[in-house]
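The values are calculated or read from the model by the stated rules, or taken from the named source; none is laboratory data. None of the values given here were measured: they were computed from a predicted structure. Counting neighbours? That spans all protein chains shown, and the Cβs are built from the backbone with ideal geometry, glycine included.
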Amino acid sequence: MWRQFGPALRITLFFTILTGLIYPGIVTGLCQILFHHQANGSMVEVNGQTVGSELIGQNFSKPQYFQPRPSAAGNGYDGSQSNGSQYGPTNQKLIDRVKASVDQFRKDNPDYTGPIPADAVTASASGLDPDISPANAGAQAPRVAKARGASLQDVEQLIAEHTTGRTFGLMGEPRVNVLLLNLDLDKKFPQKETIH
């Protein structure tokens, strides 16, 4: 028995060091060298101050900013409670929440009369989605342009500049990162109160 215990202990120790220390150390080092920005959370800085991450949604409620999808993560956009509502499509609580979101969207965007994009009134699975659809951004554009004193065409051009296509031309849908779009709004059409 002891003759078999020795090799088993050595193999366990070898693989613990290999897979628990060496491999993670190499991968972490390579990520820091090759993908430094992404490996550190894709943080966004303005004037030396971190204002958020490209990967985590945050709430914008002022009319001069594009607003993200609704969030069911904690009290909204709480990274420690990332989660969807877990309500099924026939759950009355989900139906009531979507109806309330539709009413709020119409109230916030009175100049928009078209069909409301689904992502404007439904939460993502994580509750932390940083992106909205170009249709959602376009629906909010008249409100943002009016609040900023900018032309609708200029705001729509900014949306187009911030629209990312499908990954590798195949996966996902075109999207607009809300934080990056709002930061660019602050640069091009400044207001007294900004997010930085």
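Quick notes on this structure:
- Per-region count, segment 56-101, residues over 14 Å from Gln140 (Cβ atoms), outside any loop (DSSP other than H, G, I, E, B) and either aliphatic (A, V, I, L, M) or within 22 Å of the chain's Cα centre (by Cα) (or both): 8
- Meets criteria (within 30 Å of Val144 (Cα to Cα), of a type outside the set (Lys, Arg) and either assigned by TED's automatic domain parsing to the domain that holds Asn109 or surrounded by 10 or more Cβ atoms within 10 Å (Cβ to Cβ) (or both)) for Pro24: no
- Among residues of segment 93-108 that are assigned by TED's automatic domain parsing to the domain that holds Arg69 and surrounded by 12 or more Cβ atoms within 10 Å (Cβ to Cβ), those with a beta-carbon under 7 Å from a residue that is small (Gly, Ala, Ser) and at pLDDT below 95 at least six positions away or on a different chain give the pairs Leu94/Ser85; Phe105/Ala120.
- Given (1) over 18 Å from Gly57 (Cβ atoms); (2) modelled with pLDDT of 90 or more, number of the condition Pro190 does not satisfy: (2)
- On inspection, Pro89 fails the criterion of being assigned by TED's automatic domain parsing to the domain that holds Val176, touching a residue at least 12 places away in the same chain (Cβ under 8 Å), within 30 Å of Pro134 (Cα to Cα) and not hydrophobic (A, V, I, L, M, F, W, C).
- The criterion of at least 2 residues that are of a type in the set (D, E, K, R) is met by the following helices (runs of 4 or more DSSP H) wholly inside segment 1-44: 2-17.
- Failed criterion for Gly169 (all others in (1) modelled with pLDDT of 90 or more; (2) farther than 23 Å from Val51 by Cα hold): (1)
- Every pair of residues 6+ apart whose Cβ atoms lie under 8 Å, when the first sits in segment 176-196 and is within 15 Å of Ser133 (Cα to Cα) and buried (at least 16 other Cβ atoms within 10 Å of the Cβ) while the second is modelled with pLDDT of 90 or more and of a type in the set (D, E, K, R): Val176/Asp131; Asn177/Asp131; Val178/Asp131
- Some residue of segment 47-68 being touching a residue at least 12 places away in the same chain (Cβ under 8 Å) and closer than 14 Å to Val121 by Cβ: yes
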